[in-house]
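Engineer: The following block contains the structure, expressed as structure tokens.
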Number of protein chains: 2
Amino acid sequence: MTHPPMPLLKGTLDVLILKTLGWGPSHGYAISRWIQQTTGDELHIEEGALYPALRRLEGKGLLDASWKTTATGREAKVYTLTAAGRRQLKAEVSAWSRYVSAMTRALEARPTGAIA
Amino acid sequence: MTHPPMPLLKGTLDVLILKTLGWGPSHGYAISRWIQQTTGDELHIEEGALYPALRRLEGKGLLDASWKTTATGREAKVYTLTAAGRRQLKAEVSAWSRYVSAMTRALEARPTGAIA
DNA sequence: TCTTATACCTTAGTTTCTTATGTATAACAG
DNA sequence: CTGTTATACATAAGAAACTAAGGTATAAGA
């Protein structure tokens, strides 16, 4: 068996949502499934994290929301990236890259003499 | 000018501390400086995050602590990785790797048709 | 003597998760 | 036609782990 899904690192959900919406408008439930699928079920988005995050991003003006009827005939709140959201997406992807680089430097560092 | 230091992603400090102590015993202030230096000043460890984290790890039995006098003649609480701490270090480095892989898959994914 | 660096600690507040619960409808199985 | 699963949203309570801001104390150097 594979690992169970990992808990989210606090602060990484926003960029995942923004990235998903970078492909086009979508609604919460679909966003969550997309993230889960593209990460090979490593990341599981709890609904209690997802919906507040969407409201947060909307409140910051990064997303626009509107109720629509999906292809399957159900009501869903469809989110669209705003221009500010697109800028934020770029910034957060780049911040994530820098963070990974910094962590990698630390986790792969060789000691520079004594750590004291 | 370079970027200001990034805020820590919650959940990444423990592995940084464990990694630092993987090189040998050290005390809080030195650990913090080492992380800051090896990440090229990208990560700045707030003392309000550092000291509680050390106590947390000690409480979990991952570190042992003892007061010692440093080479510069000052009192410092020196932490040492326990056997459990070494195992945890391995586990957390590997968990971080998996997390980065998952995030990378999501952030570099191409859309698989409609996100709906 | 004043400032900076070293070295520790703590509290209050914030953010962002997890867990649990609730609503409602569509689709499908039996 | 009825029960279960999947879809789709939401919220509340609690936990975890930060930031910000303050405090203590000593050593070294200007």
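Engineer: Between B:Ser101 and A:Arg33, how many nm apart are label points set 7 Å from Cα along the C-beta direction?
Structural biologist: With each label point 7 Å from Cα toward Cβ, the separation is 2.6 nm.
Engineer: Something else now. Can you work out the Karplus-derived ³J(HN,Hα) for every residue in the stretch A:4-16? Use 6.51 cos²θ - 1.76 cosθ + 1.60 with θ = phi - 60°, whole Hz, and x for glycine or proline.
Structural biologist: Working through the residues one at a time gives x, x, 7, x, 5, 6, 4, x, 9, 6, 4, 5, 5 Hz.
Engineer: Which three extents, in angstrom, do the Cα atoms of the protein assembly as shown have along their principal axes, listed largest first?
Structural biologist: Per principal axis, max minus min of the Cα coordinates gives 72, 47, 26 Å.
Engineer: On to the next question. Copy-to-copy spacing for B:Glu75, label 7 Å out on the Cα-to-C-beta vector, in nm, shortest first?
Structural biologist: Shortest to longest, the spacings are 6.5 nm.
Engineer: Could you give me the percent of Cα pairs per 5 Å distance bin for chain B, shortest bin first, beginning at zero and ending with the bin that holds the maximum distance?
Structural biologist: Histogram of Cα-Cα distances, whole percents per bin: 2, 10, 18, 20, 18, 12, 8, 5, 4, 3, 1, 1, 0, 0.
Engineer: Over chain B, what is the relative contact order in whole percent, taking alpha-carbon pairs under 8 Å and six or more residues apart? Don't skip to the answer; put the middle values down first.
Structural biologist: Working: 108 pairs, mean separation 30.5, N = 116.
Relative contact order of chain B: 26 percent.
Engineer: What residue among A:Glu92, A:Glu42, A:Glu75 shows peak mean-square fluctuation when chain A is described by a Gaussian network model with Cα springs under 10 Å?
Structural biologist: A:Glu75
Engineer: Counting only the heavy atoms of the protein chains, how much of A:Lys10 is accessible to a 1.4 Å probe, in Å² to the nearest 10?
Structural biologist: 140
Engineer: Another question, then. Name the chain A residue nearest the rotation axis between A and B, going by Cβ position, and give the distance in whole Å.
Structural biologist: Reported as residue, whole Å: A:Lys10, 2.
Engineer: Separate question: Under 18 Å between alpha carbons: how many lysine pairs meet that in the stretch B:13-106, if sequence neighbours fewer than 8 apart on the same chain are excluded? Kindly include the intermediate steps, with their values, before the conclusion.
Structural biologist: Values: B:Lys19/B:Lys60; B:Lys19/B:Lys77; B:Lys19/B:Lys90; B:Lys60/B:Lys77; B:Lys60/B:Lys90; B:Lys68/B:Lys77.
Lysine pairs, 8 or more places apart or on different chains, close enough: 6.
The values are calculated or read from the model by the stated rules, or taken from the named source; none is laboratory data. If you're wondering where the values come from, they're calculated on a predicted model, not measured in any experiment. All Cβ positions, even for glycine, are placed from backbone atoms using ideal geometry, and neighbour counts span all protein chains on display. Ligands, DNA and RNA are excluded from the accessible area calculation, which covers all protein heavy atoms including side chains. Shrake-Rupley method; radii C 1.70, N 1.55, O 1.52, S 1.80 Å.
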